[in-house]
Every structure is written in C-alpha cells, then in structure tokens.
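The values are calculated or read from the model by the stated rules, or taken from the named source; none is laboratory data. Being a predicted model, the structure only gives us computed values, none of them experimental. All Cβ positions, glycine included, derive from the backbone under ideal geometry; neighbour counts span all protein chains shown. In case anyone asks, the SASA skips ligands and DNA or RNA and just uses the protein heavy atoms, side chains included. Shrake-Rupley method; radii C 1.70, N 1.55, O 1.52, S 1.80 Å.
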Amino acid sequence: MNRTAVLAGVGSCLPPKAVSNDELAVRLDTSDEWIRSRTGIGQRYFAAQGTATSDLAVGAGAKALKCSGVSAVDAVLVATTTPDRPCPATAPTVASRLGMTGTAAYDVSAVCTGFVYGLATAAGLISAEVADRVLVIGAETFSTLLNPEDRSTSVIFGDGAGAVVLRSGDPEEPGALGPFDLGSDGEGEELITVPAGGSRQRLSGVEPKAGEQYFAMSGKEVFRHAVQRMTGSAQTVLARAGWRAQDVDHLVSHQANRRITGHVADQVGIPRARCVNNIAAVGNTAAASIPLALDHAHADGTLRPAQRILLTAFGGGLTWGSAVLTWPQLDRV
Ligand code: COA
C-alpha cells in the first residue's frame, strides 16, 4: 500500500475582537465602500494586548485534535509570518501546551503560502514513514506587523489560526491529500516585505528608516502575480491529479482579496459559485487563511464527504503552492 496523508481533523480559532471597516475608517482615510468593493473584506479580527500567535495556534490545534479523536501526534508544524519571538520557533511551545512535550515541532516560513508548504512537508513525513500523524497549524497575529498609518495594508490583514490533523492512510480513501505543486521566485522578494529586523538590515550599517519595521506591499503588482501564480499552480496540480476543472467541487484559495479569487477561478475554469470565501468575515489572515476557510466551510456544511477540493495559495517570497484532496467524513466540534 502507498502511504498517503489523509485529513483526519480540522479546527480554527479567532481572537474575540472583530474590527469593522467603519472602525478603521475612524483613524484612516478609507471607507467601508472602498474596502468592500476593492477587497471583499467586511471585518477582520485583531488580537488583544497580551495575546501571541501561539495562543491562537493552541486554540486551533486543540480543536483539530478533538475533531480527529486523537490527543497526540508525531510532529507539530506551525506555518507563520508572526512567530512569538524571532528565536526559538513557535511550534515547540504550541506542542507542549497541547500536552505533547517530546514531539518533533518546527515552524514553516512561506508567508501566505506557509500552510500549503506545511501540508506538503507533513505529507512527506507521513509517506516517508517518519510520522504517522502530523498536526499542521497556520497561525498569525498579522496586526503586529501592520503600519497603523498605511491604509493600503491595514485594511486587508487580520489575525487568526486554523489547523488540520493528517494521518497515514490509503490514496483511495476520502481525505487523501495530494498531489502537490510548490514554487518560488526570490526575484520578487521586495514586493512583500518587512524591510527591517533581519540580518540584511542589521548588518547594513544603516539605521532603519521610520516605518521599516512594518509590513510593506506593492499592492498592484502583488495582485497581478497572485492571479498568475495561483492560476498556473492550480492548473499544474489538476493535471498531476488527472482532474479537470469541472471536476472540482470547491476551490479554497488563499483569501488574499475576493477579486483575486474570482480571477483565479475564471482562468482555471471553475465557476465562481464553487469558490469558498470567508474573506468578508476574517480578512486576509496570511498563513492561517486556508485552514480557517476549510474549518468555516466544514462547519457550515459547504464541504461534504467525497467532494473534490482544490487548494491554492500565493505569498511573499514570492511563493506559491497548490494541493488537491477529497473531503472526508469529519465530526463537527
Ligand atoms: N482606502 C481608500 N483608498 C485607498 C486605500 C484604502 N484603504 N488603499 C489604497 N487606496 C487608494 C490609493 O491611494 C490609490 O489612490 P490614488 O489613485 O489617488 O493614488 C487608489 O486607492 C488606488 O490604489 P491601488 O493600490 O491602485 O488600488 P488597487 O485597486 O490595486 O487595490 C489593493 C489595492 C491593495 C486592495 C490591491 O492592490 C490588492 O488587493 N493587492 C493584493 C493584496 C494582497 O492580496 N496581498 C496579499 C497577497 S499574499
């Protein structure tokens, strides 16, 4: 038998405080109408003082474990752009707080593509017989990177976490994951960046300029790359899987911007009605976005057993990645 990673549980966690577009418009020169029409976002969640990424990761991880019916796994992967600290990784503390001291645990860093990279890594651990079960979490407190004066980024991103449990299984059973497509283009590193705080800036001999500790993005160019890369990657993974676009029941793309998702669906040939969208409720939560969308669509009954699901993501790096799976029978917890 080919050992394949099979989806066994899903969960998510949002901080309690939802922030509406109107609330942002009090301090930024923007409006609910602009944000909704340009991005599809109606609100996002910002973590409260005293919260860290690991808190949201533990919340999502605990729910995914409960959904899967297991209390321990062989590896915990946390995909994040906003680790609790620059060093060490966030995954070991998340594993310990979930009662798994001694378990392999490490972070995956690929910005908004991080969760798909994490899934591929976990699937590899399972097929190589390094692990039988892996918890993959996407978790962000992206609000900590936002320049409060930059309206073009402050309105887009939000905080949250989503998680899945993968177990070893059979390629033919519902929940089987793969094939994958992963890629990167480092020539685009300036398009999505936090300029200060790393070795490049620290060893430059130049003090960072005001605002360089914050996230910066070339919105228009990122929009174009996101559509192009997610479309290409989705088409590649469909060809690898032997699926046609019309075979896809749901496209779960990184929730970057509702217009981006629509263009990707059009270009791949998937009706827009088959796109899972939760960006109106949570904004762009970077590495947390796909598992949050999966959990929300599972909870509201959109994703049903045996349906064919296409995941595709794009993020800083530049990075991109896609995967396919069939949806399994899962408890709702
Ligand atoms: N409210 C009101 N106006 C805003 C605004 C806001 N929040 N943000 C930008 N604007 C203004 C700009 O200043 C510009 O004004 P100008 O024409 O007077 O110069 C105008 O709106 C158009 O700006 P532009 O950047 O061209 O808008 P856009 O249509 O490209 O939309 C984004 C901006 C950021 C929403 C869009 O580029 C985008 O979604 N990019 C991808 C972002 C993303 O998904 N990133 C994550 C990928 S992983």
Subject >> Mean Cα-pair separation over length for region 277-333, i.e. relative contact order, pairs under 8 Å, 6 or more apart, % >> reply: 29
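Taking 41 Å as R0, compute the FRET efficiency from the Cβ-Cβ separation of R272 and R3 and round it to 0.05. Walk me through the numbers on the way to the answer.
On the way: r = 36 Å, r/R0 = 0.88.
After rounding, the FRET efficiency stands at 0.70.
Determine the equivalent ellipsoid of region 48-149 by diagonalising the alpha-carbon gyration tensor, then write out the semi-axes as square roots of 5 times the eigenvalues, largest first, rounded to whole Å.
Details: eigenvalues 109, 46, 26 Å².
After diagonalising the Cα gyration tensor, the semi-axes are 23, 15, 11 Å.
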**OP:** Can you send over the solvent-accessible area of H296, 1.4 Å probe, protein chains only, in Å² to the nearest 10?
**Re:** 60
**OP:** Show the residues, 5+ positions off or on another chain, whose built amide H is closer than 5 Å to the amide H of L303.
**Re:** H298
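Using 0.36 nm times the number of residues separating E173 and R200, minus their current alpha carbon distance, what extension gain do you get? It would help to have the intermediate numbers written out before the result.
Working: separation 27, 0.36 × 27 = 9.72 nm, distance 4.67 nm.
The E173-R200 span can extend by a further 5.0 nm.
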Original post:
Which whole-number percent is the relative contact order of region 125-224 (Cα, under 8 Å, 6+ apart)?
Top reply: 27
**OP:** Heavy atoms only, probe 1.4 angstrom, no DNA, RNA or ligands counted: give me W34, W243, W327 ranked by accessible area, highest first.
**Re:** W34, W243, W327
Original post:
Counting only protein heavy atoms, what percent of the accessible surface of region 2-123 is carbon or sulfur at a 1.4 Å probe?
Top reply: 52
**OP:** Would you please state the base-10 log of I(q)/I(0) at q = 0.10, 0.12, 0.13, 0.14 1/Å for the chain, with intensities from the Debye formula using one equal scatterer on every alpha carbon?
**Re:** -0.52, -0.77, -0.91, -1.06
Subject >> Rg/Rh (Cα only; Kirkwood hydrodynamic radius) as it applies to region 177-326 >> reply: 1.04
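How large is the helix-only mean residue ellipticity at 222 nm for the chain, computed as the sum of -39500 (n - 2.57) over DSSP H runs with n ≥ 4, divided by its residue count, in deg cm²/dmol to the nearest 500?
Working: 11 runs with 109 residues, N = 333.
Calculated from helices alone, the mean residue ellipticity at 222 nm is -9500 deg cm²/dmol.
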Original post:
With every protein chain present, what is the per residue accessible area of the chain (1.4 Å probe, Å²)?
Top reply: 42
Subject >> Rounded to whole Hz, the Karplus (6.51, -1.76, 1.60) HN-Hα couplings of region 136-148, x for glycine and proline >> reply: 10, 10, x, 9, 8, 10, 5, 4, 6, 9, 7, 6, x
**OP:** Tell me the label-point distance for the pair K209, R244, using the 7 Å Cα-to-Cβ offset, in nm and rounded to one decimal.
**Re:** 5.3
Subject >> Chain lengthening between A306 and A48 when straightened (0.36 nm per residue, less Cα-Cα) >> reply: 89.0 nm
Subject >> Of T93, T231, T101, the one that fluctuates the most in a GNM where the chain has Cα springs shorter than 10 Å >> reply: T101
Subject >> Karplus-derived 3J(HN,Hα), 6.51/-1.76/1.60, for each residue of region 56-64, Hz, glycine and proline x >> reply: 5, 4, 5, x, 5, x, 4, 5, 5
**OP:** Find the percent of Cα-Cα distances in region 94-252 that exceed 22 Å, and round it to a whole number.
**Re:** 57
Original post:
S152 versus R97, label points 7 Å from Cα toward the beta carbon: distance in nm?
Top reply: 3.5
Subject >> Residue-wise HN-Hα coupling along region 31-46, computed from phi with Karplus coefficients 6.51, -1.76, 1.60 (Hz; x: Gly, Pro) >> reply: 8, 4, 4, 5, 5, 4, 6, 8, 10, x, 8, x, 7, 8, 10, 10
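For E33 and A299, what does the FRET efficiency come to when R0 = 35 Å and r is the distance between their Cβ atoms, rounded to the nearest 0.05? Let's see the in-between values first.
Details: r = 29 Å, r/R0 = 0.84.
E between E33 and A299, to the nearest 0.05, is 0.75.
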Subject >> Relative contact order of the chain, defined on C-alpha pairs under 8 angstrom at six or more residues apart (%) >> reply: 26
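So between E187 and E221, what do we pick up on full extension, going 0.36 nm a residue minus the alpha carbon distance?
On the way: separation 34, 0.36 × 34 = 12.24 nm, distance 1.31 nm.
Contour length minus the Cα-Cα distance gives 10.9 nm.
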